[in-house]
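**Student:** Once you've had a glance at the structure underneath, I'll fire off some questions.
The values are calculated or read from the model by the stated rules, or taken from the named source; none is laboratory data. Nothing here was measured: the structure is a model prediction, and the numbers come from that model. Quick reminder, even Gly has a Cβ in these numbers, built from the backbone with ideal geometry, and neighbours come from all protein chains shown.
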Amino acid sequence: MADRAMTQRATTGHALSPIALWGLLGAVAALLFAWRVSMQSPTAPTSDGAGLDRVILLYSTLPRAAVAVLAGAVLGLSGLLLQRVLRNPLAEPSTLGISAGAQLAMTAASVYAPFLMERSQGPVAFAGGIAAVLLVLSLTWRRGLEPVSVVLAGMMVALTASSISAALILANGDYLFSLFIWGGGSLVQQDWGPAIALSTRLAVGAGAALLLLRPLTILGLDDASARSLGIARHTSRFLIIALAVWMATTVVAEVGVIGFVGLAAPALATLSGARTLRQKLLAAPLIGAILLWLTDGLVQLAAGAGGERIPTGAGTALLGGPVLLWLLRRLRLLEWPNLSTSGTSPRKSGRSIILLLFLMTLLAAVVALVVGRGPAGWSIAGGDILADLVAWRAPRIGVAAAAGAMLAAAGLVIQRITGNPLASPEVLGVGTGAGAGLTAVLALSATAGPGLQLVGSILGSLAVLIAMLIIAARAKFGSERLLLAGIAMSALCSAVITAAIAMGNTQSYVLLRWLSGSTSQATGFDAWLTLACLILLTLPLFLAARWLDILPLGEDTARGLGLPVAGGRLTLIVLAAILTALAAMFVGPLSFVGLIAPHLARLIGFTRARPHLAGAVLTGALLMIVSDWLSRMVAFPYELPVGLIASLLGGPYLVHLLAKGMPRHG
Amino acid sequence: MNSLSRAMNNLPRATNHPPNRRQVLALAATAMLPIAARAASLRVAAIDWGMLETLLALGIEPVAATELIQFRKLAVEPEVPRSVTDLGLRGTPNYELLRIVAPDLVAISSFYEYQRPMLERIAPVFAQTVYEPGTPPYPLAEAATLALGEKLGRQAEAKRYVDETAVETTRLRAILPAAAGRPVFVISLGDSRHFRAFGRDSMFGDVLLRLGLENAWADVTRYSAAAPVGLEALARVPDASILVVSPLPADVGRSLPENALWNALPAVREGRVALLEPINHFGCLPSARRFARLVSAALAGQTHG
């Protein structure tokens with residue numbers, strides 16, 4: 001009898017352990033909150049200050065905790081609904097472009113229609129979010145909303161939207177500084193308005209989710225079963241998506257973009273043992289609430305008198321990132337067929353296309369060299385004026401071309417090593433890893449020279465890349481899992497950089513300049529140096545083309561073909577890390593050329609490694625030359641960050657190609 | 001091809017003569033841009049806004065400067081003549097355009113030291129340090145003004161401007177109402193929940209002291225200001241007045257009056273809040289003067305109603 005009780009307790013104890021974990025984390029958050037309250041409870045009830053303490057407690061401390069809990073729950077629920085309806089474990093407000101779309105709508109409204117922002121911030125944010133998600137869904141409709149395509153399109157839409165937001169702010173002459181400092185995601189409160197708004201969203205959302213339990217359960221199955229069970233699939237799908245968007249955009253409108261919770265909470269709910277939909281509907285919002293509350297408590301703990309070091313919205317990545325990375329191996333995901341070989345037929349005339357690309361790149365360089373704007377308008381330079389301008393334009397073109405080519409080569413290597421078409425230096429956080437390395441170097445020595453800065457960047461990107469591949473190698477990692485890890489890692493590194501920038505010292509300006517990326521300070525020496533590095537680093541890749549062909553086929557095949565798998569992989573990784581860090585020194589980490597260029601080359605029809613590499617490198621160089629030229633021309637005499645233009649240029653094109661070019665498979 | 005040759009014909013005709021390249025560019029520039037009023041003095045370009053306002057205050061019209069659209073909105077005075085060429089963003093000025101303008105001197109501050117190698121390819125660089133973490137900037141701004149005057153042969157004007165500014169500050173200090181003896185927060189609003197506080201090592205903080213006022217923000221700053229700080233920090237000094245430097249972000253006009261904590265602040269309840277017109281945050285003496293004038297007007301207004 002006692003024995004049986006023991007075993008029973010043991011089993012229930014085992015089943016309860018995730019709940020205990022979350023209970024513990026929730027208790028820590030509550031303790032932090034209690035400490036905060038005790039700091040502010042009136043001690044000397046006679047003075048005027050005590051009355052103010054009460055006001056602060058009532059209108060600042062308490063609503064802040066409420067908003068943390070509510071926003072976390074709302075994001076967790078929103079993420080869960082989206083993941084369920086789209087049958088996509090990576091879907092959430094950020095990866096679908098909802099947050100970025102809402103932010104763009106709000107930025108545009110405050111620039112062009114301030115009265116809209118004064119009256120109806122919420123509807124403006126919702127309009128932006130729903131437009132973004134509709135765009136993503138319509139672009140991937142023909143592919144049957146296949147998860148990887150949806151997330152790729154979503155990330156592209158998000159990237160483009162945030163680039164346009166940044167461009168709008170810059171074009172109005174405000175510094176990038178304000179963009180980062182006031183970027184949102186701060187939970188500071190001064191009344192109960194946002195808390196009330198969020199609690200109604202949560203109540204409506206939870207109520208609707210419970211009413212829709214049956215359709216939600218069925219929509220989690222595949223289309224055929226859903227159809228045979230008689231659900232009006234598209235209508236209910238769309239309604240649930242609209243509900244999720246409404247909830248998520250309210251958070252954006254009230255407190256700004258909060259990363260990671262929408263993605264992590266449902267995943268962590270599953271990991272913690274929530275099996276049925278009903279359990280998940282309870283667990284995901286709860287976990288989201290605990291995550292955000294705890295993060296906010298820690299952010300306030302770290303805050304000094306001069307303000308918070310880091311907005312809570314970025315802090316979630318510092319906490320949630322490692323948690324998700326650690327738990328990822330245990331996360332059960334449905335794996336979808338790889339995109340890598342889909343939809344392209346090998347070209348017969350690869351050589352002539354490479355020649356054509358080369359000529360186009362050359363033409364772009366020449367045009368960028370001679371065509372420009374001056375005080376008198378457009379002009380084509382020639383003779384003495386050209387000779388004079390070449391000294392200014394050629395280094396920029398050279399550096400841009402080399403950086404684009406390097407990112408493309410790095411992207412191709414990473415995509416081939418991981419066998420994952422969505423992997424790239426940007427997506428896996430290798431570029432932001434370079435930034436984290438740079439941050440570390442600057443923290444150690446404020447006066448670190450360019451050489452030391454570069455070494456730091458390389459080590460940073462190398463560390464991230466190796467970490468990603470170790471995670472990938474363990475426990476047979478699928479593409480989704482790697483991307484999840486990449487998003488977590490990228491968010492983690494960005495949070496480190498954001499925190500360093502928020503310090504507001506000299507190093508912050510170095511980081512800020514690095515982040516926005518500009519070829520404007522490029523000298524002739526820089527150009528020759530980067531071009532030499534490009535040749536030096538990509539030549540081995542061309543020679544190792546056989547490895548690049550074989551590695552995607554899997555380790556066993558590679559070993560069977562007599563490839564030194566470990567050594568080969570390590571060499572390629574080191575090359576990719578150096579390429580990424582070098583390129584990021586000039587164009588920043590956010591251009592997405594490393595993702596786009598290999599894709600474009602593949603869509604053109606290059607499948608074998610060597611021509612694919614040549615095509616990608618040329619495409620990358622071409623993209624970056626054109627971007628650099630446009631960044632100087634679009635708002636003359638104002639020069640915009642080149643990475644921003646590159647993502648504006650490449651993002652929509654890739655999305656367009658995805659929508660129309662690649663046929664459905666599997 | 002046709003449009004190409006047409007564009008070639010539109011090139012400045014100067015290119016057909018082969019004289020020296022620098023001359024050609026200067027010629028092209030004069031054809032396109034009105035010449036500075038005093039042709040005798042050096043042609044100066046300003047990357048730093050503080051240098052720009054100092055140049056104008058000394059009666060020197062720069063040939064080019066950065067971010068003029070924002071300068072006219074955010075720094076307001078001295079007025080920048082339409083003939084000054086806009087070089088684009090301060091962080092990434094348009095070097096090609098600066099090359100065409102071909103100044104004799106480029107004035108920067110230590111913020112823009114990293115641009116020096118590029119700028120020196122165009123003209124000699126004149127750099128001054130006004131803002132250093134932890135150092136009150138007013139004396140450094142005085143020194144920078146005198147140094148600029150020296151460099152451009154305007155010693156007398158520079159000396160006069162420094163003296164006038166000091167006299168003006170003393171005069172304003174004398175007429176400040178006695179009721180203005182309270183500490184003062186000087187802030188700008190980032191959104192409806194956060195502000196930027198100007199500390200001791202900001203120009204605003206330094207001028208407050210010179211006006212005999214106490215800066216209510218005694219805490220640390222990072223590069224002259226602390227940001228973003230939640231509005232509740234304003235409650236730390238209950239008897240302080242609050243001066244808000246314009247502009248306000250779009251949604252603040254609506255949401256601030258609804259902000260419960262803001263409304264509970266003693267300064268707000270008792271009408272000790274004033275909105276100042278925009279002033280350059282990282283300015284030199286002209287900004288200091290503008291700030292002193294606006295502050296004393298605002299505080300005088302408060303005591304009257």
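**Student:** So in region A:304-319, with the set limited to residues that are assigned to a loop (DSSP other than H, G, I, E, B) and at pLDDT below 75, which one is nearest to A:GLY185 (Cα to Cα)?
**Tutor:** A:ILE310
**Student:** I'm checking my understanding of the structure. Among residues of region B:246-290 that are in a loop (DSSP other than H, G, I, E, B) and in contact with a Gly (Cβ under 9 Å, 6 or more places away or on another chain), which one is farthest from the other protein chains (Cβ to nearest Cβ)?
**Tutor:** B:CYS284
**Student:** In this structure, is A:SER627 under 18 Å from A:SER424 (Cβ atoms) and among the polar types (S, T, N, Q)?
**Tutor:** Yes.
**Student:** Next question, about the same structure. Just name the residue that is nearest to A:VAL299 (Cα to Cα) out of those in region A:258-276 that are among the β-branched types (Val, Ile, Thr) and touching a residue at least 60 places away in the same chain (Cβ under 8 Å).
**Tutor:** Filtering region A:258-276 for residues that are among the β-branched types (Val, Ile, Thr) and touching a residue at least 60 places away in the same chain (Cβ under 8 Å), the one nearest to A:VAL299 (Cα to Cα) comes out as A:ILE258.
**Student:** Tally up the residues in region B:266-290 that are more than 11 Å from the chain's Cα centre (by Cα) and touching a residue at least 24 places away in the same chain (Cβ under 8 Å), please.
**Tutor:** Adding up the residues that qualify gives 11.
**Student:** Is it the case that some residue within region A:449-472 is within 14 Å of another protein chain (Cβ to nearest Cβ), closer than 30 Å to A:GLU92 by Cβ and in a helix (DSSP H, G or I)?
**Tutor:** no
**Student:** Answer yes or no: is there a residue in region B:152-172 that is within 14 Å of another protein chain (Cβ to nearest Cβ) and more than 30 Å from A:THR506 (Cα to Cα).
**Tutor:** no
**Student:** Further, regarding this structure: Of everything in region A:374-405, what is assigned to a helix (DSSP H, G or I), within 7 Å of another protein chain (Cβ to nearest Cβ) and not charged (D, E, K, R)? Give them in sequence order.
**Tutor:** A:GLY383, A:ILE385, A:LEU389, A:TRP392
**Student:** Follow-up question, since we're still on this one. With respect to A:SER461, determine if the residue is polar (S, T, N, Q) and touching a residue at least 12 places away in the same chain (Cβ under 8 Å).
**Tutor:** In short, yes.
**Student:** Next question. Can you tell me which of A:LEU590, A:LEU582, A:LEU600 is within 28 Å of A:ILE645 (Cα to Cα) and modelled with pLDDT under 80?
**Tutor:** Criteria check complete, one pass: A:LEU590.
**Student:** Among the numbered criteria (1) surrounded by 14 or more Cβ atoms within 10 Å (Cβ to Cβ); (2) among the hydrophobic types (A, V, I, L, M, F, W, C); (3) touching a helix residue (DSSP H, G or I) at 6+ places or on another chain (Cβ under 7 Å), which one does A:ALA499 miss?
**Tutor:** (3)
**Student:** Can I ask one more? Return the total of residues in region A:143-162 being closer than 19 Å to A:GLN83 by Cα and part of a helix (DSSP H, G or I).
**Tutor:** Looking only at that region, the number is 13.
**Student:** If you don't mind, there's one more thing I want to ask. So which of A:ARG610, A:ARG632 is part of a helix (DSSP H, G or I), surrounded by fewer than 24 Cβ atoms within 10 Å (Cβ to Cβ), in contact with an Asp or Glu (Cβ under 9 Å, 6 or more places away or on another chain) and at pLDDT 85 or above?
**Tutor:** Criteria check complete, one pass: A:ARG610.
**Student:** Ok, one more. Return yes when B:GLU157 is surrounded by fewer than 23 Cβ atoms within 10 Å (Cβ to Cβ), in the same structural domain as B:PHE291 (by TED's automatic domain parsing) and either modelled with pLDDT of 90 or more or under 27 Å from A:SER186 (Cα atoms) (or both) and no when it is not.
**Tutor:** Spelling it out, it is not the case that B:GLU157 is surrounded by fewer than 23 Cβ atoms within 10 Å (Cβ to Cβ), in the same structural domain as B:PHE291 (by TED's automatic domain parsing) and either modelled with pLDDT of 90 or more or under 27 Å from A:SER186 (Cα atoms) (or both).
**Student:** Follow-up. Mind checking which residues of region A:411-425 are under 19 Å from the mean Cα position of the chain (by Cα) and at pLDDT below 85?
**Tutor:** Result: A:THR418, A:ASN420, A:PRO421, A:LEU422, A:ALA423.
Conditions (1) farther than 21 Å from A:SER516 by Cα; (2) in contact with a strand residue (DSSP E or B) (Cβ under 7 Å, 6 or more places away or on another chain); (3) basic (Lys, Arg), marked per residue:
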position	(1), (2), (3)
B:PRO62	yes, yes, no
B:LEU74	yes, no, no
B:PRO78	yes, no, no
B:PRO81	yes, no, no
B:THR85	yes, yes, no
B:PRO93	no, no, no
B:VAL106	yes, yes, no
B:SER110	no, yes, no
B:ARG116	no, yes, yes
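**Student:** Okay, next question. Taking B:ALA123 as meeting all but one of (1) of a type in the set (Gly, Ala, Ser); (2) crowded, with 22+ Cβ neighbours inside 10 Å; (3) touching a residue at least 24 places away in the same chain (Cβ under 8 Å), write down the number of the exception.
**Tutor:** For B:ALA123, the exception is condition (2).
**Student:** Considering only residues that are in contact (Cβ under 8 Å) with a residue 40 or more places away in the chain and within 10 Å of chain B (Cβ to nearest Cβ), which ones fall in region A:108-132?
**Tutor:** A:VAL111, A:GLN121
**Student:** Sticking with this structure for a sec: Could you check region B:225-253 and list, in sequence order, the residues that are closer than 26 Å to B:ARG72 by Cβ and touching a residue at least 60 places away in the same chain (Cβ under 8 Å)?
**Tutor:** Matches in region B:225-253: B:PRO247, B:PRO249, B:ASP251, B:VAL252.
**Student:** Of all residues in region B:149-168, which are assigned to a helix (DSSP H, G or I) and of a type in the set (D, E, K, R)?
**Tutor:** The answer is B:GLU150, B:LYS151, B:GLU157, B:LYS159, B:ARG160, B:ASP163, B:GLU164, B:GLU168.
**Student:** Continuing with the same structure: Which of the numbered conditions does B:GLY283 fail, given that it passes all the others? Conditions: (1) in contact with a strand residue (DSSP E or B) (Cβ under 6 Å, 6 or more places away or on another chain); (2) buried (at least 20 other Cβ atoms within 10 Å of the Cβ); (3) not β-branched (Val, Ile, Thr).
**Tutor:** (1)
**Student:** Quickly run through region B:226-265 and pick out the residues that are of a type in the set (Val, Ile, Thr) and either more than 26 Å from the chain's Cα centre (by Cα) or more than 17 Å from A:LEU187 (Cα to Cα) (or both).
**Tutor:** Within region B:226-265, B:VAL237, B:ILE242, B:VAL244, B:VAL245 meet the criteria.
**Student:** For region A:109-129, how many residues are surrounded by fewer than 21 Cβ atoms within 10 Å (Cβ to Cβ) and out of contact with any Lys or Arg (no Cβ under 7 Å at 6 or more places or on another chain)?
**Tutor:** Number satisfying all stated conditions: 12.
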